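Notes for the one structure printed next.
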Amino acid sequence: MNNLQVISSETFTKLTKKRNCETKFFQDANYLTDSNDLSTSLSDTNVKFVLFGIKEDIGILANHGRPGAKNTWDCVLKSLLNLQSNQTTKASQILIVGHLDFSELYTALASTKQDELLKTYRKHVEIIDQSVNQLVYSIVKAGKIPILIGGGHNNAYCAIKGSALALKTKINTINFDAHTDLRALEGRHSGNGFSYAIEEGFLDCYYIFGLHESYTSKKILKRIDAATSSVKFCSFEDLMVRKKISFKKALKKGLSYISKSKFGIEIDCDAIQNIGSSAQTPSGFSVNQTRQFIHHFGSHRNAIYLHICEAAICEDDPKTNEQIGKLLSYLIIDFINAKSAV
């Protein structure tokens, strides 16, 4: 894969720190040293999880969102590599292949006229689709579990499509999100990944966990009502405001709906309260509720991937960026720990 960038020795030196009498995550994890050796590395029987970053926020820009998700991977990598390696982090089961780089697309955007930007963004997302889909397909085909970090929620389409093609069957998805991302088929962007996955026959049952009612249009609600057998949701207001259902019962309800066959886990950081993201919210789930969510669904044998997206990094706010890196590292380890126990 031409745009798959492995982690260089210079990056390791810059990001990692050793301590006497301790073994850090980076010391026990497995790495891809040459992008041409991907198939060989995926055949390693000791590897269960394959982690990679997606350095883009073009899908978010194509949906009129706040950029910053293209740099999330760097913050996560620094935090994750310096965790402790122990019985719960299971670093030896993880292959870190690096990240998908789309810098050439950003270079092309610099010379694009303002009135052509939106159309160009959406065309570029189609190019991003091809690379992410191909990598997910290769990982799932090899019998491994992909963990996708960074980028916009446009990449949910690729995670679903790549998995479905590798398994030769439709899959289900649980989406921890304030939004449905079921917007019109108007050109690819971060707001219609699930629309395209359904339309093209890759996504079967789709469940949105924590949907914000005030940010969901009449048209989309009518579409959900019409798709009674394939799209369901539990609103944030029913869960956390009106208390019509407990968090624990909502988890069980969502799992019951999507777990009869293979399913993916989608985490949009827009759903987490006060976390920098493309559509940051002052009213959302707590970090600990997010961790509980991942543990609950990751513990099921049919969970086949984890995708965490939309966290926005600010170049002039290193302290906040560090916290985002730590948060996503917690979520990654929670998933790995849950899946390893299955």
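Screening L77 with (1) more than 16 Å from G151 (Cβ to Cβ); (2) of a type outside the set (S, T, N, Q); (3) under 23 Å from the mean Cα position of the chain (by Cα) gives one miss only, at (1).
Looking only at region 230-246, which residues are touching a residue at least 24 places away in the same chain (Cβ under 8 Å) and either more than 22 Å from the chain's Cα centre (by Cα) or assigned to a loop (DSSP other than H, G, I, E, B) (or both)?
At the first step, the residues of region 230-246 found to be touching a residue at least 24 places away in the same chain (Cβ under 8 Å) are 230-237, 239-240.
Once the filter is applied, which keeps residues that are touching a residue at least 24 places away in the same chain (Cβ under 8 Å) and either more than 22 Å from the chain's Cα centre (by Cα) or assigned to a loop (DSSP other than H, G, I, E, B) (or both), region 230-246 yields S230, E237, L239, M240.
Assess whether H307 counts as being in contact (Cβ under 8 Å) with a residue 40 or more places away in the chain, within 16 Å of the chain's Cα centre (by Cα) and surrounded by fewer than 18 Cβ atoms within 10 Å (Cβ to Cβ).
No.
Exactly one residue out of T107, T112 is without any contact (Cβ under 8 Å) to a residue 24 or more places away in the chain and touching a Ser or Thr at 6+ places or on another chain (Cβ under 9 Å): that is T112.
Take the conditions hydrophobic (A, V, I, L, M, F, W, C) and surrounded by fewer than 19 Cβ atoms within 10 Å (Cβ to Cβ) and apply them to L185. Does it pass? Judged against the criteria, L185 is a match. Does S190 qualify as being in contact with an Asp or Glu (Cβ under 8 Å, 6 or more places away or on another chain), surrounded by fewer than 20 Cβ atoms within 10 Å (Cβ to Cβ) and either within 25 Å of K252 (Cα to Cα) or in contact (Cβ under 8 Å) with a residue 40 or more places away in the chain (or both)? In short, no. Just to be sure before I move on: is Y215 buried (at least 24 other Cβ atoms within 10 Å of the Cβ), in contact (Cβ under 8 Å) with a residue 24 or more places away in the chain and closer than 28 Å to D57 by Cβ in the structure I sent? No; evaluated as a whole, the condition is false for this residue.
Restricting S256, S329, S278, S283 to those that are polar (S, T, N, Q), within 30 Å of T169 (Cα to Cα) and out of contact with any Phe, Trp or Tyr (no Cβ under 6 Å at 6 or more places or on another chain) reduces the list to S256. Among the residues of region 80-91, those identified as in a loop (DSSP other than H, G, I, E, B) and closer than 14 Å to I147 by Cβ are T89, K90. When A338, A250 are screened for being in contact (Cβ under 8 Å) with a residue 40 or more places away in the chain, more than 24 Å from G152 (Cα to Cα) and in contact with a Cys (Cβ under 6 Å, 6 or more places away or on another chain), only A250 passes.
From the list I258, I224, exactly one residue is buried (at least 21 other Cβ atoms within 10 Å of the Cβ), on the phi < 0 side of the Ramachandran plot and among the aliphatic types (A, V, I, L, M). Which is it? Can you show your working first?
On the way: I224 fails: buried (at least 21 other Cβ atoms within 10 Å of the Cβ).
Answer to the check: I258.
Of the residues making up region 80-107, those that are farther than 18 Å from Y121 by Cβ and of a type in the set (V, I, T) are T88, T89, I94, I96, V97. Residue by residue through region 37-83, note down the ones that are of a type in the set (S, T, Y) and surrounded by fewer than 24 Cβ atoms within 10 Å (Cβ to Cβ). Listed by number, the residues that qualify are S39, T40, S41, S43, T45, S79.
Read-outs throughout are calculated quantities, based only on the coordinates presented, and are distinct from any laboratory measurement. These figures come from a predicted structure and were not determined experimentally. Neighbour counts are summed over all protein chains in view; Cβ atoms, including those assigned to glycine, are modelled from backbone coordinates with ideal geometry.
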